[in-house]
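The structure appears below as structure tokens.
The values are calculated or read from the model by the stated rules, or taken from the named source; none is laboratory data. All figures in this text were calculated on a predicted structure; none of them were measured in a lab. Note that each Cβ is placed from the backbone with ideal geometry, even for glycine, and that neighbours are counted across all protein chains shown.
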Amino acid sequence: METWVVSLSEMGREDVDLAGGKGANLGELVKAGMNVPPGFVVTAPAYLHALEQAGVRDRLREQSEQASRSESPTGAGEMRAMVHRVPVPPELREAIVGAYAAMGNGVAVAVRSSATAEDSKDTSFAGMNATFTNVVGAAALIDALQRCWASVFGDRVVSY
């Protein structure tokens with residue numbers, strides 16, 4: 001089984017491919033003894049697993065490649081809607097809800113993107129993907145996660 005949910009305390013700079021820059025850097029801050037609120041990362045393999053299980057990964061790849069050759073974000077709305085409809089597979093939902101429950105009862109969390117290719121020497125997607133704060137409860141967490149995943153296909157992101 002893939003690693004789908006990882007505590008920030010287990011993350012480090014070597015985990016960018018798994019957790020993205022924000023997740024990996026937060027892990028480094030934890031390791032350095034900085035005051036970082038507890039949290040966890042839903043990994044890139046978890047996202048890809050959900051897309052694969054829903055049968056949309058190849059279609060999204062094709063539409064993304066087509067959009068990248070266009071001068072306008074053609075199809076971005078359709079791709080966002082497709083991803084937003086992707087159900088979180090039961091085994092992944094269980095892992096996410098379990099990690100959330102371990103943080104305590106009714107804890108408010110933030111859900112934000114930490115894409116693995118978000119910031120590189122050639123690109124910076126800073127601020128382009130949605131962030132959701134003060135998310136409380138398992139159902140709200142899963143909904144915010146799906147909306148965050150969908151924001152990867154925002155008009156600005158696709159045209160960029």
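Of all residues in the range 92-118, count the ones that are over 17 Å from the mean Cα position of the chain (by Cα) and either in a loop (DSSP other than H, G, I, E, B) or free of Cβ contacts under 8 Å to residues at least 24 places away in the same chain (or both).
Of the residues in the range 92-118, 6 are over 17 Å from the mean Cα position of the chain (by Cα) and either in a loop (DSSP other than H, G, I, E, B) or free of Cβ contacts under 8 Å to residues at least 24 places away in the same chain (or both).
Considering the range 14-72 alone, what residues qualify as being buried (at least 19 other Cβ atoms within 10 Å of the Cβ), under 18 Å from HIS84 (Cα atoms) and not aliphatic (A, V, I, L, M)?
Once the filter is applied, which keeps residues that are buried (at least 19 other Cβ atoms within 10 Å of the Cβ), under 18 Å from HIS84 (Cα atoms) and not aliphatic (A, V, I, L, M), the range 14-72 yields THR43, TYR47, HIS49, GLN63.
Restricting attention to the range 4-51, and to residues there that are of a type in the set (Val, Ile, Thr) and in a helix (DSSP H, G or I), which single residue is nearest to the chain's Cα centre (by Cα)? Steps first, please.
Restricting attention to the range 4-51, the residues satisfying the condition of being of a type in the set (Val, Ile, Thr) are 5-6, 16, 30, 36, 41-43.
Imposing the further condition that a residue be in a helix (DSSP H, G or I) reduces the set to 16, 30.
Details: VAL16: 13, VAL30: 20 Å.
Out of the qualifying residues, it is VAL16.
Yes or no: ARG80 under 14 Å from the mean Cα position of the chain (by Cα), modelled with pLDDT under 90 and either at positive phi or assigned to a helix (DSSP H, G or I) (or both)?
It is true that ARG80 is under 14 Å from the mean Cα position of the chain (by Cα), modelled with pLDDT under 90 and either at positive phi or assigned to a helix (DSSP H, G or I) (or both).
Please find, among ARG85, ARG112, the residue that is at pLDDT below 95 and closer than 19 Å to GLY23 by Cα.
Values: ARG85 fails: closer than 19 Å to GLY23 by Cα.
Result of the check over ARG85, ARG112: ARG112.
Quickly run through the range 128-146 and pick out the residues that are in contact with a helix residue (DSSP H, G or I) (Cβ under 6 Å, 6 or more places away or on another chain) and either among the hydrophobic types (A, V, I, L, M, F, W, C) or more than 18 Å from ALA46 (Cβ to Cβ) (or both). So that I can check it myself, show each step before the final result.
Initial filter on the range 128-146 (in contact with a helix residue (DSSP H, G or I) (Cβ under 6 Å, 6 or more places away or on another chain)): 128-130, 132, 135, 138, 141, 146.
Of everything in the range 128-146, those that are in contact with a helix residue (DSSP H, G or I) (Cβ under 6 Å, 6 or more places away or on another chain) and either among the hydrophobic types (A, V, I, L, M, F, W, C) or more than 18 Å from ALA46 (Cβ to Cβ) (or both) turn out to be MET128, ALA130, PHE132, VAL135, ALA138, LEU141.
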